[in-house]
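The values are calculated or read from the model by the stated rules, or taken from the named source; none is laboratory data. Since we're looking at a predicted model, the values are computed, not measured. Here Cβ is always computed from backbone atoms with ideal geometry, including for glycine, and neighbour counts include all displayed protein chains.
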There are 2 protein chains.
Amino acid sequence: MPNVFVTMRDVALASGVSTATVSRVLNDDARVKDETRVHVKAAIDKLGYKPNQVARSLKTRATKTVGVVAPELASVFFMQLSESMENELAAHGYSLIVCSSRESLEQEKKRLQLLAARLVDAVVIIPSSDRGEHFNIARGKDIPLVFIDRIALGVQADAVVSDNEGGARSATEALIADGYKRIGFLGGDLRVSIARERYEGYRKAMETAGLSLEPDFVRFGSLHIESGYKQMAEMLAKPDAPEAYFIVNADTHVGATNYLLTEGRALREKIVFASFDEMEYSPLLRFCRYSVRQPVEEMGRTAARIVLDRLKGIGGTERHTVRLATSLIRHGFDGPI
Amino acid sequence: MPNVFVTMRDVALASGVSTATVSRVLNDDARVKDETRVHVKAAIDKLGYKPNQVARSLKTRATKTVGVVAPELASVFFMQLSESMENELAAHGYSLIVCSSRESLEQEKKRLQLLAARLVDAVVIIPSSDRGEHFNIARGKDIPLVFIDRIALGVQADAVVSDNEGGARSATEALIADGYKRIGFLGGDLRVSIARERYEGYRKAMETAGLSLEPDFVRFGSLHIESGYKQMAEMLAKPDAPEAYFIVNADTHVGATNYLLTEGRALREKIVFASFDEMEYSPLLRFCRYSVRQPVEEMGRTAARIVLDRLKGIGGTERHTVRLATSLIRHGFDGPI
DNA sequence: CTGTTAGCGCCTTCAA
DNA sequence: TTGAAGGCGCTAACAG
């Protein structure tokens, strides 16, 4: 087990060299005689010495940490992202500091300041809204900033997002191809980029097919479970509600399904959903005929790589937005289950 | 926006005092004249100074960070824990460094060393197995260690877990009360504490009711989706499989459900599940009659508080295991849906 | 009440 | 190829 109290000085003493040499060995400096290198390494092993990252950071101004901020940690999507980023970054010695902004601009600001004070080397963020001016974290030091999933305005940054519009469009088109002409929309706050883009995809699919949007059956909520429940309830309270619906995300989908299984029973027989977000449980949800899979793992990996590149100075001064393709999954075991 | 390049020295210069005084103001040291305090604070604001956490940590040996290690980040349960810990800890200025052990003892060890090198103030961990000797992180410095969800052996530590046995027992009893006499068991690796305890609960409920365990229908897998699928498949391949099953966790539940909806159709008509883990989507799963809810939010909060207490030196030398009660949820809208 | 001084552990010129 | 010395930004005695 490493002993945090063993210092470079101890290693130097034990191997009869100076701390400078130990430091060189640690950092693979070429100009160290092989023989001394061996000695020093032996001492390091013997003492169980581990370099103190904090001291090193103070000197090098690099902490080998990446700050990650999300509106909510407790979301499947976010955690898959974290997992894949951690995979990629840990391999290069980076750690992840995760923060929740609780969907609040104020908290988001606070967290960013905290991360700045901790001298994180980079920040990856799912912005809580499309406001982004406060992401200019620190004057004087500009660390790489990468948006993931959602994009905010008012700041230069790289971004990794799904083809939200395309995904929503193809899901809607699939419903149309199945013969549905009236398709409702359970949506999210249009100030959030994903909600806006998915709405666009739905709208364009309908328009292209010559179908009209019915204001009563196009709604915008908050991307949460309760919102899905509420939107579904409100739609079905109207006479002559559509049978097919496009749903903006997984939580809304769960909420809507829940409404149908509890309150909306009488109406549910012919209902069909096409929803964004393919979850492990999506195929098990009763009304789910299509779901749009985002390449979550790839998104995380890509963001991590952009971070690593930027930290190596690769990528130039321009910012890039990587938009990854989604795929449409068709479910259905044996008709209504 | 804070500027990381503004240092204490700049503030001292600007307000005509020494850095020591600035430091005192920052740390709310009582013995500073009100007048100077005001001056210094003004300078701090004016310059947008933010203390450099790294430098501070080097001096104080406290990083205000807590390391969190889990076998897998991408799990609903873990992310709920993280959210609730972050809530509690961030309020006290602590940040979370999250690491994935990828269910590997080797990786777990590596991560712990990394965290030790980063001088985290405490570690909260979901151990990947019941092996825990390697948790004696660093000789010389023993930082608080808290197990959460699962407990490992071979090391002194506080722990926060659910009443796994009680939860499993009451779920099984509910099935028994519903009239089922033959109840199958879809389980996990018994080397993992939760799997072991839940099996105990099931076993005791059966035993107490005078019902016998049927070896063919008591299985142990890996707590993952594929494992649930496989276990269900294997059971239903036997003649005369039971109608009721206790399931060890959410993923296994999803896997088992998935099997029934795809391959096991012919057999599924009368199947009923009682499963550990109440998820947002649990009520939507077709065979789920009971689920056991863990107080996840409270678990996270409790772990965070233990950490905070330990860091304040509260709690004495004894280690405590907090075991929180679960609750049984009954689902069912209108019979088989 | 405030300033001076001396490190925390490491890296990095500059000399040798 | 190696060592000595200084300093990253902050805190904590110890004086005054």
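Below, the figures for the structure above:
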| item | result |
| --- | --- |
| Those residues of the stretch B:187-205 which are modelled with pLDDT under 95 and in a helix (DSSP H, G or I), in sequence order | B:S193 |
| Residue identified as outside any strand (DSSP E or B), within 13 Å of chain A (Cβ to nearest Cβ) and touching a residue at least 40 places away in the same chain (Cβ under 8 Å) among B:G315, B:G228 | B:G228 |
| Test for A:L328: is it away from every other protein chain (no Cβ under 14 Å) and more than 14 Å from A:V76 (Cβ to Cβ) | yes |
| Output for the stretch A:77-92, where each listed residue is of a type in the set (A, V, I, L, M) and within 10 Å of the chain's Cα centre (by Cα) | A:M79, A:L81, A:M85 |
| Lone unmet requirement of (1) farther than 19 Å from B:Y94 by Cα; (2) more than 7 Å from chain B (Cβ to nearest Cβ) for A:E86 | (2) |
| Of the criteria (1) more than 8 Å from DNA strand C (Cβ to nearest atom); (2) modelled with pLDDT under 95, which one A:V66 fails | (2) |
| Test: residue in the stretch A:279-288 that is modelled with pLDDT of 95 or more and in a helix (DSSP H, G or I) | no |
| Residue identified as in contact with a Pro (Cβ under 7 Å, 6 or more places away or on another chain) and either within 14 Å of another protein chain (Cβ to nearest Cβ) or outside any helix (DSSP H, G or I) (or both) among A:G210, A:G184, A:G179 | A:G184 |
| Residue within the stretch A:56-64 that is at the interface with chain B (Cβ under 7 Å from one of its Cβ atoms) and of a type outside the set (A, V, I, L, M, F, W, C) present | yes |
| Which listed residue is under 20 Å from the mean Cα position of the chain (by Cα), exposed (fewer than 15 other Cβ atoms within 10 Å of the Cβ) and either within 16 Å of DNA strand D (Cβ to nearest atom) or away from chain A (no Cβ under 12 Å) (or both), from B:S18, B:S104 | B:S104 |
| Qualifying position, being surrounded by fewer than 18 Cβ atoms within 10 Å (Cβ to Cβ) and over 20 Å from A:K270 (Cα atoms), among A:G201, A:G154 | A:G154 |
| Top-ranked residue in the stretch A:148-172 [being part of a helix (DSSP H, G or I) and among the charged types (D, E, K, R); ranked as farthest from A:D130 (Cα to Cα)] | A:R169 |
| The one condition in (1) within 11 Å of DNA strand D (Cβ to nearest atom); (2) over 30 Å from the mean Cα position of the chain (by Cα) that B:Q53 fails to fulfil | (2) |
| Pick from the stretch B:123-143, criterion away from chain A (no Cβ under 14 Å) and under 16 Å from the mean Cα position of the chain (by Cα), ranking: surrounded by the fewest Cβ atoms within 10 Å (Cβ to Cβ) | B:D130 |
| Near pairs, Cβ below 8 angstrom, 6+ apart or cross-chain, from the stretch A:279-299 (facing chain B (nearest Cβ under 10 Å) and closer than 16 Å to A:T172 by Cα) to any residue that is of a type in the set (K, R) and in a loop (DSSP other than H, G, I, E, B) | A:F287/A:R268 |
| Only listed residue being of a type in the set (G, A, S), surrounded by 18 or more Cβ atoms within 10 Å (Cβ to Cβ) and under 30 Å from A:G184 (Cβ atoms), chosen from A:A304, A:A274, A:A325 | A:A274 |
| Whichever residue in the stretch B:13-53 is near DNA strand C (Cβ under 9 Å from one of its atoms) and of a type in the set (A, V, I, L, M, F, W, C) and, among such residues, is farthest from B:L96 (Cα to Cα) | B:V17 |
| Tally, over the stretch B:204-256, of residues that are in contact with a Phe, Trp or Tyr (Cβ under 6 Å, 6 or more places away or on another chain) and more than 16 Å from B:G188 (Cα to Cα) | 2 |
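Yes/no matrix, rows are residues, columns are (1) more than 9 Å from DNA strand D (Cβ to nearest atom); (2) acidic (D, E); (3) surrounded by fewer than 17 Cβ atoms within 10 Å (Cβ to Cβ):
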{"position": "B:V6", "(1), (2), (3)": "no, no, no"}
{"position": "B:R9", "(1), (2), (3)": "no, no, yes"}
{"position": "B:A12", "(1), (2), (3)": "no, no, no"}
{"position": "B:A30", "(1), (2), (3)": "yes, no, yes"}
{"position": "B:T36", "(1), (2), (3)": "yes, no, yes"}
{"position": "B:H39", "(1), (2), (3)": "yes, no, no"}
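Okay, residues lined up against (1) hydroxyl-bearing (S, T, Y); (2) at negative phi; (3) under 27 Å from the mean Cα position of the chain (by Cα):
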residue: B:S227; (1), (2), (3): yes, yes, yes
residue: B:P242; (1), (2), (3): no, yes, no
residue: B:D251; (1), (2), (3): no, yes, yes
residue: B:S275; (1), (2), (3): yes, yes, yes
residue: B:Y281; (1), (2), (3): yes, yes, yes
